[in-house]
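Okay, so here's the structure we're looking at.
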Amino acid sequence: MKRIIALVSAIALVILGLGASFMTSLWASDWEDMFNEFSGANEPVSQVLEEGDAGNKIAVVNFDGVIQDTGTTGSGMFATEGYDHQMTIQALKDIAAEDTYSAVLLNVNSPGGGVFESAEIHKYLMEIKESGKTIYSSMGNMAASGGYYVSAPADQIFATDETITGSIGVIMQSMNYTELAENVGISYDVYKSGEMKDMMSASREATEEEQDYLQSIVDTMFQDFVDVVADGRGMSEEQVRELADGRIYLGGEAIENGLVDQQGYFDDALAALKEEVGGTPQVVEIGGAQTTSFPFGVKIQSAIESITGGGEVKMVQELINNRQGVEPMYLYE
């Protein structure tokens, strides 16, 4: 009976929340904006951080968290804050195409992420550079591995003594629990079309051929990382490889070895970029994350998760999504 009452209460809260969200949208937005809010339209959101010349804008793009396309983090009333890859890509496309943007400031606080996602970001950053716009990168607490990969094309990179960066490299991992399975009496029957179809299976040892093949994949992706850093920093491949054994560097050391240009926080990077752009540029934060406009909706979602146990499921799901696993990653953990 208590569970039934709790479920009914949760449903009632949802209905009340939807009503409150509808009225808020009706008062604060036009019908098109309200439709986009409820449909979860994945258009980059933007807000003016500093007023100025709208024909001479600086775009601030945030990379906060693991750079990975894990799907939407929610939509409409139940949207939650987090890195949104598709929104970020669309934001970069818009910046490259829009003549009113003069420069971009990357605000990076990330341990890296997927090889594919990092390469996709790099592609559109290069399009922004080719359109004649200036790119600066401000490294926060961490800009490691893929976080450095996306920063490498920047004309100037800022970091502080406390910033963790570097970790240039690729990682793939798989588990092997054959000994555990043997101890508990579990065996596996596998039917496959080719000898390497179950490559990286956790139920058996990898063959030497498989190890060599997987290492060749990692080496190819590592070469791409080296090339991106060499091109972005004006270094030789040999210089990059000397730094690219996977180790991390503090900001001061990264300045000494050439991976970072200047010491400074976000405000320092922004001030320097404004000076380079000239005039009184408008500063606009665009894309990067999806956030809810209705905090009440998030509270309702939390209440439902506490009743259904969804909070624990969500936590486990995030751990799995952010793991160093069979997918090649530019990731430091």
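The values are calculated or read from the model by the stated rules, or taken from the named source; none is laboratory data. Because the structure is predicted, anything quoted here is derived from the model rather than measured. Here the Cβ is made from the backbone with ideal geometry for all residues, glycine too, and neighbour counts use every protein chain on show. When the accessible area is computed, the model is the full protein with side chains, heavy atoms only, and any ligands, DNA or RNA have been set aside. Shrake-Rupley method; radii C 1.70, N 1.55, O 1.52, S 1.80 Å.
State the extension gain, in nm to one decimal, for the chain segment bounded by Met126 and Gln47, taking 0.36 nm per residue of separation less the distance between their alpha-carbons.
Fully extending the segment from Met126 to Gln47 adds 26.0 nm.
At a probe radius of 1.4 Å, what is the per-residue accessible area of Asp189, in Å² to the nearest 10?
It works out to around 130 Å².
Figure the gain on full extension for Ile186 and Asp268 (residue separation times 0.36 nm, minus the Cα-Cα span) and round it to one decimal in nm.
23.6 nm
For the peptides 176-187, 136-147, 115-126, what is the packing order when you average, over each peptide's residues, the other Cβ atoms within 10 Å and list the highest mean first?
Ranked from most to least packed, the peptides come out as 136-147, 115-126, 176-187.
More than 13 angstrom separation, counting every C-alpha pair in the stretch 209-255; what % is that?
63
Roughly how many percent of the accessible protein surface of the stretch 102-199 is carbon and sulfur, given a 1.4 Å probe and a whole-percent answer?
Whole-percent figure for carbon plus sulfur exposure: 50.
Compute the FRET efficiency between Asp64 and Glu242 as 1/(1 + (r/R0)^6), taking r as their Cβ-Cβ distance and R0 = 45 Å, and round to the nearest 0.05.
It comes out at approximately 0.90.
Rg and Dmax of the stretch 112-151, using alpha carbons, in Å: what are they?
Final numbers for Rg and Dmax: 10.7, 30 Å.
Subtracting the Cα-Cα distance from 0.36 nm times the residue separation, let me have the gained length for Glu209 to Glu195 in nm, one decimal.
4.0 nm
With all protein chains present, how much of the accessible area of the stretch 215-261 (probe radius 1.4 Å) comes from carbon and sulfur, to the nearest whole percent?
Here it works out to 46 percent.
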